[in-house]
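Colleague: One structure follows; several queries about it will come next.
The values are calculated or read from the model by the stated rules, or taken from the named source; none is laboratory data. Note that the structure is predicted; figures quoted are calculated from it, not measured. Note that each Cβ is placed from the backbone with ideal geometry, even for glycine, and that neighbours are counted across all protein chains shown. The area values use the complete protein model at the heavy-atom level, side chains included, leaving out ligands, DNA and RNA. Shrake-Rupley method; radii C 1.70, N 1.55, O 1.52, S 1.80 Å.
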Amino acid sequence: MIGAQRILVLGGGFAGLWSALAAARQLDQLGLGPDAVEVLLVNRDAFHGLRVRNYEADLSPLRVPLEVVLGPAGVRWLVGEVGSIDPAAGAVTVDTVAGTQTLAYDRLVFALGSQLVRPPLPGLDAHGFDVDTYGGASRLASHLEDLAEGPDGEGRFTVVVVGAGLTGIEAACELPARLRAVQERAGLSQPVRVVLVDHHRQVGSAMGEAARPVIEQALAALKVELRLGVRVESFDGSAIRFDSGEVIATRTVIWCAGMRASPLAAGCGVATDALGRLAVDACLRVEGLRSVFAAGDSARLELDGGLPSVMSCQHSRPMGRFAGHNAVCDLLGQPLLPLRIDWYTTILDLGTWGALYTEGWERRVVASGEAAKRTKRLINGVRIVPPTNGDRAAILAAAAPLVQTPPPVPVEPSLP
């Protein structure tokens, strides 16, 4: 690609993938190929992960090969870990199997996402599990299967989930059925216990007053126990201890408490917010960095009404599409498009009980149970999945800088 300019995208998650595809789409619209402008995506592995579904029992659909999506679009990709970013030099170092490479760029899209906050809690690193990454979810799945083969004893099929936010709630609600399925495959039938823990005194503290009773109803129906207003002191692989003095025998603790932007955001040389995110303007340009755009969990975009974007695929995907589009336009002197998102929904998976669908930042409940679950299945299985049929036109069309309409509001079946 001698002589070509380069748009470098860091990260292959929801924001990164769609940034790269949106850039490829806009170049295609302008009649430019990779000989003029190369789009290169760097990711830690060769897959686009549907991270928000890592709590599910079946992990097989959750990794989409980058080759399937990026290849037809004419986007190159490199597997490696980003080491450092030098905006002044317009360069990024990447550690690959072939050694450390220095990649120059003309425009950069920072989309390295977020990661689970891991406090220095005794026993957490050695014995804790998580659903933050595909690797972590796979390790948990193997561990749950191994419980059936392991020694019997107190706490064998007791799982403690720490963090009663959205991820913790979804994980906890899925676990009763997962544990029973593990037992059935092994020909066992023993009591199953799931405990959801949080230092807040209310479950789903960010969900608001209207949604909380629905969540509590689902947890009660699934027999998920709550321990609220307590903090974990330690976990040794056989028991977890709380500051309340309670000790629960368990071999499985899943940590779901807190997220923070990639620490590499702080290495860009500009201020970050309390979550470690880079502030961006409406066109996704990082404030204070002329040639750098950011999208997804590592970017803080002020939405209509003054509220900040949230760490979710709901915001990461449109942020990525606009960041990639605008990186091309900025490079080539074309007008940039500001991103406006004027709606917000939360569709929370509640396991076999169903789901919860809310609208607005105040989380007005519009549907729950099986009706909301249908919408959740549509989101997880269709809306957030990129085209995988190799159709270049379909892939580029899906990357247009548009904000999707809200997912359909489920209609409750009418009574006979």
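Colleague: Could you give the size of the charge dipole of the stretch 224-312 about its Cα centre, using +1 on the Cβ of each K and R and -1 on the Cβ of each D and E, expressed in debye and rounded to the nearest 20?
Modeller: It comes to approximately 220 debye.
Colleague: Then there's this: Given springs between every Cα pair under 10 Å in a Gaussian network model of the chain, which of P308, P335, P65 has the largest fluctuation?
Modeller: P335
Colleague: Given 0.36 nm per residue, what is the gain on full extension from V385 to A98 after removing their alpha carbon distance, in nm?
Modeller: Separation in residues times 0.36 nm, less the Cα-Cα distance, equals 100.2 nm.
Colleague: Just by accessible area at a 1.4 angstrom probe, what is the order of T345, T102, T388, T133 from largest to smallest?
Modeller: Most to least solvent-accessible, the answer reads T102, T388, T133, T345.
Colleague: Please get the size of the charge dipole for the stretch 148-219, origin at its Cα centre, with Cβ charges of +1 on Lys and Arg and -1 on Asp and Glu, quoted in debye to the nearest 20.
Modeller: Value, rounded to 20: 40 debye.
Colleague: Given Cα pairs under 8 Å that are at least 6 residues apart, what percent is the relative contact order of the stretch 80-141?
Modeller: Rounded, it is 17 percent for the stretch 80-141.
Colleague: Between T358, H325, P386, whose Cα lies farthest towards the positive end of the dipole of the stretch 293-386 when Lys and Arg beta carbons carry +1 and Asp and Glu beta carbons carry -1, centred on the Cα centre?
Modeller: Of T358, H325, P386, it is P386.
Colleague: At 1.4 Å probe size, what's the solvent-accessible area of E67? Round to the nearest 10 Å².
Modeller: 120
Colleague: If you average the C-alpha positions of the stretch 148-199 and of the stretch 227-270 separately, how far apart do those two centres end up, in angstrom?
Modeller: The stretch 148-199 and the stretch 227-270 have Cα centres separated by 17 Å.
Colleague: At 7 Å along the Cα-to-beta-carbon direction for both E233 and A221, put a label point, then send me their distance in nm to one decimal.
Modeller: 3.7
Colleague: Determine the order of S138, S189, S316 by accessible area, beginning with the largest, at a probe radius of 1.4 Å.
Modeller: S189, S138, S316
Colleague: Moving on to the next point. Please find the FRET efficiency linking D86 to E149, where r is the Cβ-Cβ separation and R0 is fixed at 51 Å, and quote it to the nearest 0.05.
Modeller: Efficiency computed from Cβ-Cβ geometry: 0.55.
Colleague: For Cα pairs less than 8 Å apart in space and 6+ apart in sequence, what is the mean separation divided by the residue count of the chain, i.e. the relative contact order in percent?
Modeller: 19
Colleague: Accessible area, 1.4 Å probe, largest first: how do R317, R251, R374 sort?
Modeller: Of R317, R251, R374, the descending order of accessible area is R374, R251, R317.
Colleague: How much length, in nm to one decimal, is gained on full extension between A181 and L78, taken as 0.36 nm per residue of separation minus their Cα-Cα distance?
Modeller: Answer, rounded to one decimal: 33.2 nm.
Colleague: Starting from the Kirkwood radius over alpha-carbon pairs of the chain, derive D by Stokes-Einstein at 25 °C in a medium of 0.890 mPa s and give it in µm² s⁻¹.
Modeller: Value of D from the Cα-based Kirkwood radius: 109 µm²/s.
Colleague: Shifting gears a bit: So how exposed is D146, as accessible area in Å² (1.4 Å probe, rounded to 10)?
Modeller: Around 100 Å² of this residue is reachable by solvent.
Colleague: Rolling a 1.4 angstrom probe over the protein chains, ignoring ligands and nucleic acids, what is the accessible area of I347 in square angstrom, nearest 10?
Modeller: Accessible surface of I347 is approximately 20 Å².
Colleague: Computed FRET efficiency, Cβ-Cβ of E302 and Q202, R0 30 Å: what is it to the nearest 0.05?
Modeller: Given R0 = 30 Å and the Cβ-Cβ separation, E is 0.60.
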